Amino acid sequence: MDLLNTLVDKGLRRELPTREEALAVLATSDDDLLDVVAAAGKVRRRWFGRRVKLNYLVNLKSGLCPEDCSYCSQRLGSDTGILKYTWLKPEDASRAAAAGVAGGAKRVCLVASGRGPTDRDIDRVARTIEAIKEQNTDVEVCACLGLLSDGQAERLRDAGVYAYSNNLNTSEATYADITTTHTYQDRVDTVRRTQEAGMSACSGLIAGMGESDEDLVDVVFALRELDVDSVPVNFLIPFEGTPLAKEWNLTPQRALRILAMVRFVHPDAEVRLAGGREIHLRSLQPLALHLANSIFLGDYLTSEGQEGRADLDMITDAGFEVEGTETSTLPEHRRGGGCGGGPCGEAPAAETPAEGAAADAPAAEGPGAARTDLVAVRRRGAGTDLPPNV
């Protein structure tokens with residue numbers, strides 16, 4: 001296929017595809033799917049070999065958010081049955097992080113719900129990072145605390161934050177349809193503050209919110225223009241209690257085409273397989289490793305992920321290897337700045353339905369149909385007395 005040959009050549013040269021080429025990837029048929037994966041896989045292997053970076057989430061503060069993001073289980077007024085708790089103590093967060101590191105994660109992502117951190121919150125995070133580093137000196141720390149104001153990025157950098165994460169989520173044209181309590185530009189500004197402070201910028205998207213192909217291409221091209229180091233690709237998990245509860249419109253094939261398009265547009269950036277992979281890719285998750293070079297290990301913020309051992313087995317069985325702490329994630333030409341070019345982890349924004357709702361529903365029938373029976377609210381790990389799923 002001429003399209004794929006062109007995209008491979010451009011990816012190997014780090015050239016930006018045209019919008020028409022990116023849209024054409026999304027429009028390919030299921031009959032061509034393996035060819036699309038193979039082509040994008042050549043680009044992935046050129047810049048990242050067969051390495052898979054493992055990231056681990058620690059939810060420092062769950063629920064209780066004043067924002068109204070339509071996709072989020074922690075949104076204002078949400079009644080989704082998730083765990084809700086205020087800030088974890090540094091020693092508790094350190095124990096949670098250690099579990100992920102023991103499972104093979106080289107990056108720990110510290111996440112807190114809310115519009116953005118206060119100065120007191122940054123002090124809390126600084127103490128937490130100190131506690132984590134006492135036990136795991138070499139671990140990369142990423143923070144995801146919401147929108148940053150002037151001077152806060154520098155304080156987080158000085159506290160030991162290696163990277164900062166703030167997703168654009170969707171196109172600028174449709175952003176107001178999913179969130180009204182802040183703007184698309186607010187998120188762009190936070191990404192730029194991150195970069196100006198010398199931290200590595202991580203920013204991605206959520207697919208499956210009812211957006212068009214044009215919207216997907218718009219946000220992926222906007223991330224390329226921002227030159228972010230890491231692009232987490234989340235797949236919406238619609239659950240009861242949010243405005244997007246009925247948006248089940250992704251298939252495993254569609255999810256793979258989206259990942260391939262992201263890889264072609266961001267050939268040498270970290271592409272992370274993030275929230276919703278278990279629900280929407282299902283048994284095709286190993287194919288996604290030919291497109292993404294990074295995943296989250298185990299559970300997410302408010303939902304259960306695939307068991308950590310299953311993640312590690314999947315990586316090995318697919319012919320890939322876990323990236324070690326001695327290896328830089330990004331190609332040499334992308335390294336630099338205060339973070340050594342290391343990309344950041346981001347928690348998936350959309351996760352699980354409430355217990356007793358879609359979580360108990362029978363599996364949908366038919367090829368490519370949604371599997372609502374696969375989702376489960378997280379009841380272990382950070383914020384609980386039970387060991388994590390890693």
For the stretch 72-119, how many residues are basic (K, R) and without any contact (Cβ under 8 Å) to a residue 40 or more places away in the chain? 3
Can we say A27 is at pLDDT 90 or above, more than 22 Å from the chain's Cα centre (by Cα) and buried (at least 17 other Cβ atoms within 10 Å of the Cβ)? no
Given the condition modelled with pLDDT of 95 or more, out of contact with any Leu (no Cβ under 8 Å at 6 or more places or on another chain) and closer than 27 Å to G319 by Cα, answer yes or no: does some residue in the stretch 54-61 qualify? no
Check on V220, of a type outside the set (F, W, Y), in a loop (DSSP other than H, G, I, E, B), in contact with a strand residue (DSSP E or B) (Cβ under 8 Å, 6 or more places away or on another chain) and modelled with pLDDT of 95 or more: no
Do you know which residues across the stretch 151-199 are within 19 Å of E67 (Cα to Cα) and of a type in the set (F, W, Y)? Y175, Y184
Among (1) under 26 Å from G241 (Cα atoms); (2) basic (K, R); (3) assigned to a helix (DSSP H, G or I), R75 falls short only on (3)
Selection within the stretch 135-183 - more than 17 Å from R75 (Cβ to Cβ), part of a helix (DSSP H, G or I), at pLDDT 95 or above and not hydrophobic (A, V, I, L, M, F, W, C): Q152, E154, R155, R157, D158, E172, T174
Would you be able to say whether some residue in the stretch 268-276 is touching a Gly at 6+ places or on another chain (Cβ under 8 Å) and hydrophobic (A, V, I, L, M, F, W, C)? yes
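Residues checked against (1) farther than 25 Å from L76 by Cα; (2) in contact with a strand residue (DSSP E or B) (Cβ under 6 Å, 6 or more places away or on another chain); (3) at pLDDT 95 or above:
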residue	(1), (2), (3)
D229	yes, yes, yes
I237	no, no, no
W248	no, no, no
G276	no, yes, no
S283	yes, no, yes
P286	yes, no, yes
A292	yes, yes, yes
R309	yes, no, no
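The values are calculated or read from the model by the stated rules, or taken from the named source; none is laboratory data. Being a predicted model, the structure only gives us computed values, none of them experimental. No Cβ is skipped: glycine too gets one built from the backbone with ideal geometry, and neighbour counts run over all protein chains shown.
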